[in-house]
Amino acid sequence: HLTLLEHDFERLHPDIDVRWLDLGSQEVLDRLRVERVNPQADVWFGGPTTLFARGVAESLLTPYRPTWAEAVASGGIGPGDFYFPVYRTPAIIAYNSVAVAESLAPRDWDDVLAPRWRDKVLIRDPVASGTMRAIWGLILERSLRETGDTAAGMAWLRRLDGQTRTYALSPALLDAKLARQEGLVTLWDLPDILISRNKGMPFGYAFPKSGTPVIDDAIALVRDARHPEAARMFIDYAGSVEAQLLAAERVFRLPARVDLPPNRVPAWVAQVEQEMVVEPMDWGLLAREGAKWMGYWDQHVRGTGKGR
């Protein structure tokens, strides 16, 4: 994804050299904090708006309204134009399609807790991953709505911990372990699974039938960026019609723009929109409470599920 957009942007702007540092979205936020007095990045590209909101609160970003601002839904736009959604990223349940028949694959979140999947679940380390934080947020927000507390949600996550064989430190490791059948089931995001499947990896997936979080994957200008004009040009490019269609066609990114020509949008996009059930999420609540929830999970839930 990053290489594709880098080459296309540099083709349009040969005087600009795009260089990436590819990190989990929580790691990006941590890096920006460390570099606050001497920023090394110009653009923060990718990750849930909940983490971008924390970046705004900590004065790590600068407002910029891109040329395509009117073409995306307002719900994912940061107050004061600090960040804008580029893609929509649904969470899914994925599995090794060689080892797991489609008819037996989990179809909803609770299905992953079935005895057949004990010690067969792989999880991307949630502390570093915005995608996993969104899934954890779904479980905990459901708990709050149904019981008024997060205790039931933490109990659910403890049961999932008991099913989990390992917490993978990166998406690449998660893919490799799933392909080698070191685990058979995972919770992850749709674009990565589709890209891996397109490369020949034996992955199947299902949208959780009770609903799934759909992350607004955002982009923003870093405060005191060294190359602010080039950064604004890249932000304008990332949300342009051509870049949105390129990412949809080549790397399975679900566009955030709502005005793309229907005859040019890949067929898989329409299929996804029909199949997925979007869970209503209180993203503001997750932005406010997510760090505390993750800290509690990391200290009191991770590693405690095996004996229960």
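The values are calculated or read from the model by the stated rules, or taken from the named source; none is laboratory data. Quantities reported herein were computed from a predicted structural model and do not represent experimental measurements. Quick reminder, even Gly has a Cβ in these numbers, built from the backbone with ideal geometry, and neighbours come from all protein chains shown. The accessibility values were calculated without ligands, DNA or RNA, using every heavy atom of the protein model including side chains. Shrake-Rupley method; radii C 1.70, N 1.55, O 1.52, S 1.80 Å.
Quick look at the numbers
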quantity	calculated
Residue count, region 184-217 (criterion: among the small types (G, A, S), touching a strand residue (DSSP E or B) at 6+ places or on another chain (Cβ under 6 Å) and open to solvent by 40 Å² or more (accessible area, probe 1.4 Å))	0
Conditions (1) in contact with a helix residue (DSSP H, G or I) (Cβ under 7 Å, 6 or more places away or on another chain); (2) modelled with pLDDT of 95 or more; (3) in a loop (DSSP other than H, G, I, E, B): number failed by L23	(2)
Helices (runs of 4 or more DSSP H) lying entirely in region 218-308 (those with 3 or more residues that are open to solvent by less than 30 Å² (accessible area, probe 1.4 Å))	228-238, 241-251, 283-296
In region 58-82, the residues that are touching a strand residue (DSSP E or B) at 6+ places or on another chain (Cβ under 6 Å) and either more than 17 Å from V258 (Cα to Cα) or among the charged types (D, E, K, R) (or both)	L61, T62, Y64, F82
Residue count for region 70-104, restricted to those that are in contact (Cβ under 8 Å) with a residue 60 or more places away in the chain and more than 20 Å from the chain's Cα centre (by Cα)	7
Where a residue in region 286-302 is farther than 11 Å from R158 by Cβ and its partner, wherever it lies, is polar (S, T, N, Q), with Cβ under 7 Å and at least six apart	L286/T50; A287/T50; G290/T50; W293/T150
Residue that is nearest to P48 (Cα to Cα), among those in region 183-217 that are polar (S, T, N, Q) and in contact with an Asp or Glu (Cβ under 8 Å, 6 or more places away or on another chain)	T212
Where a residue in region 140-152 is surrounded by 16 or more Cβ atoms within 10 Å (Cβ to Cβ) and at pLDDT 95 or above and its partner, wherever it lies, is among the aromatic types (F, W, Y) and part of a helix (DSSP H, G or I), with Cβ under 6 Å and at least six apart	L140/W293
